[in-house]
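For reference, the structure is listed below as structure tokens.
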Amino acid sequence: MKQNIMVSYPKKTSTPVHVHYSITQQGNFKTITCAVPGIEEIPTWLELRKFELVAMKYNGNFELLFEHRKYEKNMDTVLFMDKVFESIIAVSN
């Protein structure tokens with residue numbers, strides 16, 4: 001099921017970015033597939049429109065797994081992806 005969330009980055013007062021996402025879970029692993037629709041909504045610093053976030057349940061909470069390829073993007077893109085993860089986990093719990 002596709003869901004939507006608005007994420008403000010880099011500041012809470014920044015224009016929010018619309019993100020479509022879906023969540024699948026297998027055992028202790030949760031995969032969040034994300035897409036930023038519409039070219040007009042994409043900030044200039046965001047280097048991608050689609051991405052996946054993988055988390056593992058640890059001590060009752062989901063922790064984002066380190067992925068080396070994620071850090072090949074600019075810092076704003078990486079921090080935005082982290083913010084998306086935090087926002088989705090907050091509303092899904």
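The values are calculated or read from the model by the stated rules, or taken from the named source; none is laboratory data. Here the structure is a predicted model, which is why all the values come from computation and not from measurement. No Cβ is skipped: glycine too gets one built from the backbone with ideal geometry, and neighbour counts run over all protein chains shown. Areas reflect the complete protein model, heavy atoms only, side chains present, ligands, DNA and RNA absent. Shrake-Rupley method; radii C 1.70, N 1.55, O 1.52, S 1.80 Å.
Of note:
- Within segment 53-75, residues that are of a type in the set (Lys, Arg) have Cβ atoms under 6 Å from residues that are loosely packed, with under 13 Cβ neighbours inside 10 Å and assigned to a loop (DSSP other than H, G, I, E, B) in these pairs: Lys57/Asn28, counting only partners at least 6 apart in sequence or on another chain.
- Per-region count, segment 39-62, residues assigned to a loop (DSSP other than H, G, I, E, B) and closer than 22 Å to Met75 by Cα: 8
- Residue that is farthest from Ala90 (Cα to Cα), among those in segment 9-38 that are part of a loop (DSSP other than H, G, I, E, B) and touching a residue at least 60 places away in the same chain (Cβ under 8 Å): Pro10
- Only residues that are of a type outside the set (Ser, Thr, Tyr) and open to solvent by less than 30 Å² (accessible area, probe 1.4 Å) were counted across segment 18-30, and they come to 2.
- Yes/no for Thr33 being open to solvent by 50 Å² or more (accessible area, probe 1.4 Å), within 17 Å of Glu86 (Cβ to Cβ) and not aliphatic (A, V, I, L, M): yes
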